[in-house]
């Protein structure tokens with residue numbers, strides 16, 4: 001993901017909305033491994049062990065080891081995918097700093113964007129070497145992870161990509177994709193507002209992309225990873241987004 005670009009910005013940097021939400025409860029079943037010297041959450045498809053479908057999970061600013069992300073990755077694994085969650089924060093997700101009055105959010109973003117730009121391509125290359133070129137790879141990005149899902153959608157490293165409530169996206173991110181893209185969006189999203197979402201749709205039409213856009217009413221940025229399961233609409237949107245990601249990927253990885 002480039003740190004600077006001349007392409008018009010469509011999804012801005014994460015803001016306060018990106019660090020709000022509800023911590024979910026449950027018992028993750030995955031484990032931690034290391035790929036290309038990067039901590040990685042892995043959740044495997046149980047009885048379908050040895051699956052040739054690999055889902056690259058590109059986390060929001062809470063990282064792949066936050067319980068919400070772990071449970072979401074476990075859900076994807078339960079649907080037949082070997083799920084790999086890259087920790088491009090290298091053990092320093094944003095939630096570790098939320099109670100720190102002296103936390104410099106801009107400095108943290110500058111640091112993690114630089115290290116993510118360094119580790120991401122090496123990690124993807126190592127994953128493909130480890131799991132084989134005959135596997136079907138897909139990628140889903142949340143917030144901070146959105147640009148990486150789109151970067152992959154512009155390559156032959158995946159057969160399809162998806163994102164929910166993305167950050168750090170430009171027009172070029174959409175213009176360059178060659179693989180199918182699912183956009184899972186919130187009605188209220190200050191990071192990816194309605195005018196940006198509509199411009200992204202225009203670009204996808206212009207380049208004749210294969211895409212599907214879903215828009216959930218009554219939810220805000222972060223709904224797909226930190227929505228409140230005690231609120232019926234939030235719970236349904238969170239769960240339907242995850243179901244849609246799986247159905248989208250099944251369409252192109254079968």
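The values are calculated or read from the model by the stated rules, or taken from the named source; none is laboratory data. Owing to the predicted nature of the structure, the values given are computational and were not obtained by experimental measurement. In this analysis, Cβ positions are derived from the backbone assuming ideal geometry, glycine residues included, and neighbour counts consider all displayed protein chains.
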Original post:
Within the stretch 198-241, can you find the residues that are over 25 Å from residue 67 (Cα atoms), in contact (Cβ under 8 Å) with a residue 60 or more places away in the chain and buried (at least 16 other Cβ atoms within 10 Å of the Cβ)?
Top reply: 200
Original post:
Of the conditions (1) under 14 Å from the mean Cα position of the chain (by Cα); (2) farther than 14 Å from residue 145 by Cα, residue 104 fails just one. Which one is it?
Top reply: (1)
**OP:** Look at residue 140 and say whether it is within 23 Å of residue 117 (Cβ to Cβ) and in a loop (DSSP other than H, G, I, E, B).
**Re:** no
Subject >> Selection from the stretch 143-179 of residues that are touching a strand residue (DSSP E or B) at 6+ places or on another chain (Cβ under 6 Å), assigned to a helix (DSSP H, G or I) and under 22 Å from residue 131 (Cβ atoms) >> reply: 145, 148, 149, 152, 153
Subject >> Check on residue 57, modelled with pLDDT of 95 or more, in a helix (DSSP H, G or I) and touching a strand residue (DSSP E or B) at 6+ places or on another chain (Cβ under 6 Å) >> reply: no
Original post:
In this structure, is residue 53 under 19 Å from the mean Cα position of the chain (by Cα), in contact (Cβ under 8 Å) with a residue 12 or more places away in the chain, surrounded by fewer than 14 Cβ atoms within 10 Å (Cβ to Cβ) and within 17 Å of residue 158 (Cβ to Cβ)?
Top reply: no
Original post:
How about the stretch 88-101: which of its residues are surrounded by 12 or more Cβ atoms within 10 Å (Cβ to Cβ) and under 18 Å from the mean Cα position of the chain (by Cα)?
Top reply: 88, 89, 90, 92, 93, 94, 95
**OP:** Just give me the residues in the stretch 153-165 being in contact (Cβ under 8 Å) with a residue 24 or more places away in the chain, more than 8 Å from the chain's Cα centre (by Cα) and either within 16 Å of residue 224 (Cβ to Cβ) or crowded, with 24+ Cβ neighbours inside 10 Å (or both), in sequence order.
**Re:** 153, 158, 160, 165
Original post:
Filter the stretch 9-24 for residues that are within 18 Å of residue 165 (Cα to Cα) and part of a loop (DSSP other than H, G, I, E, B); which is modelled with the lowest pLDDT?
Top reply: 15
Original post:
Which residue pairs have Cβ atoms closer than 8 Å, lie 6 or more positions apart in sequence or on different chains, and pair a first residue in the stretch 127-144 that is touching a residue at least 60 places away in the same chain (Cβ under 8 Å) and on the phi > 0 side of the Ramachandran plot with a second residue that is assigned to a loop (DSSP other than H, G, I, E, B) and surrounded by fewer than 16 Cβ atoms within 10 Å (Cβ to Cβ)?
Top reply: 132/52
Original post:
For residue 244, are the conditions met, namely being surrounded by 23 or more Cβ atoms within 10 Å (Cβ to Cβ) and closer than 16 Å to residue 160 by Cβ?
Top reply: no
